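Undergrad: Pasting in a structure now, in structure tokens, and then I'll have a few things to ask.
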Amino acid sequence: MRALVVLPTYNEADNVELLSRDVLSQSKDIDVLVVDDNSPDGTGEIVAKAAATEPRLHLLQREGKLGLGTAYLAGFRFGLENHYDCVLTMDCDWSHNPRYLPAILDAMQRGDMAIGSRYIPGGGVENWSILRRILSAWANFYTRTLLGLPVRDCTAGFRCYSREVLEIADPFSLKSSGYSFLEEMIHRVHRMGFRIVEIPIVFESRRSGASKIESHEVYLAAWHVLKNAIHPPPLPPRPGSE
């Protein structure tokens, strides 16, 4: 099974090369696509240089800071156009450790989407403040309850989507952006009847650089969840349903 790991980046010069190589070392069937938003710290240049000698490492450099949701969509499009069997998303700051990739890929044998979950037995977080733990737990409870999701970690960005999910669920028609995209995507996948499985991971603190999460995105995500709970958007037609 050919897998593409999508790494959205903005100012990850200290992390991107070593993390990419660690991802690639997990399996010869994994490729990496770095989607860089024109990082001023030279992240794109580092990847371009490494890719010159590593054929499984790819770079998509965009003109500016276009956001997380659109970076995922760019990765999905690349994965579909290049005939990968599944596409994974993960952070480029070591909070999602590449050592979990084999287990997540193995889980795709029994699901259409797999999530690296902090909130099932065996999962957890490291070096978080009490406030951050409370906010994360509340965000997941809020999302899970309002959207009726059978998933413990609804806001996780460490995910794997099958090619079929990306083709049929049509993420390119989603209206949300940023971190709201994660919640709207899992809602759509669930509503369309795809199987979602969770694999325990320990979420680690970033090793270098600064967090890119902005406070307004948290409020925007909460609003999108409420809006989708009240008025669920129409689903794309499944093949043969017309």
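Undergrad: Looking at D153, D106 in this structure, which one is acidic (D, E) and under 16 Å from the mean Cα position of the chain (by Cα)?
TA: Within the list D153, D106, the selection yields D153.
Undergrad: A follow-up question, please. Sort out which residues of the stretch 5-29 are closer than 19 Å to Y84 by Cβ, touching a helix residue (DSSP H, G or I) at 6+ places or on another chain (Cβ under 6 Å) and not in a helix (DSSP H, G or I), and write them in order of number.
TA: Listed by number, the residues that qualify are V5, V6, P8, Q26.
Undergrad: Take the stretch 77-99 and flag every residue that is open to solvent by less than 30 Å² (accessible area, probe 1.4 Å), out of contact with any Ser or Thr (no Cβ under 6 Å at 6 or more places or on another chain) and under 14 Å from G157 (Cα atoms).
TA: V87, L88, T89, M90, D93, W94, S95, H96, N97, P98, listed by residue number.
Undergrad: How do the pairs read when you match residues in the stretch 131-159 that are hydroxyl-bearing (S, T, Y) with residues anywhere that are part of a loop (DSSP other than H, G, I, E, B) and open to solvent by 50 Å² or more (accessible area, probe 1.4 Å), using Cβ under 8 Å and keeping only pairs 6 or more apart or on different chains?
TA: T155/Y179
Undergrad: How many residues does the stretch 179-195 hold that are surrounded by fewer than 19 Cβ atoms within 10 Å (Cβ to Cβ) and in contact (Cβ under 8 Å) with a residue 60 or more places away in the chain?
TA: Count: 2.
Undergrad: While we're on this one: May I ask you to list the residues in the stretch 100-120 that are over 24 Å from D36 (Cβ atoms) and not small (G, A, S)?
TA: The answer is P102, L105, D106, M108, Q109, R110, D112, M113, I115, R118, Y119, I120.
Undergrad: Give the number of residues within the stretch 112-127 that are surrounded by fewer than 18 Cβ atoms within 10 Å (Cβ to Cβ) and in contact with a strand residue (DSSP E or B) (Cβ under 8 Å, 6 or more places away or on another chain).
TA: 6
Undergrad: So, one more: Which members of the stretch 93-113 meet the condition of being touching a Lys or Arg at 6+ places or on another chain (Cβ under 9 Å) and of a type in the set (A, V, I, L, M, F, W, C)?
TA: Listed by number, the residues that qualify are W94, I104, M113.
Conditions tested, residue by residue: (1) under 17 Å from A156 (Cα atoms); (2) touching a residue at least 40 places away in the same chain (Cβ under 8 Å); (3) surrounded by 19 or more Cβ atoms within 10 Å (Cβ to Cβ).
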| residue | (1), (2), (3) |
| --- | --- |
| S39 | no, no, yes |
| G42 | no, no, no |
| K49 | no, no, no |
| L68 | yes, yes, yes |
| A71 | yes, yes, yes |
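The values are calculated or read from the model by the stated rules, or taken from the named source; none is laboratory data. Quick caveat: nothing in here was measured; it's all calculated off a predicted structure. Here the Cβ is made from the backbone with ideal geometry for all residues, glycine too, and neighbour counts use every protein chain on show. Areas reflect the complete protein model, heavy atoms only, side chains present, ligands, DNA and RNA absent. Shrake-Rupley method; radii C 1.70, N 1.55, O 1.52, S 1.80 Å.
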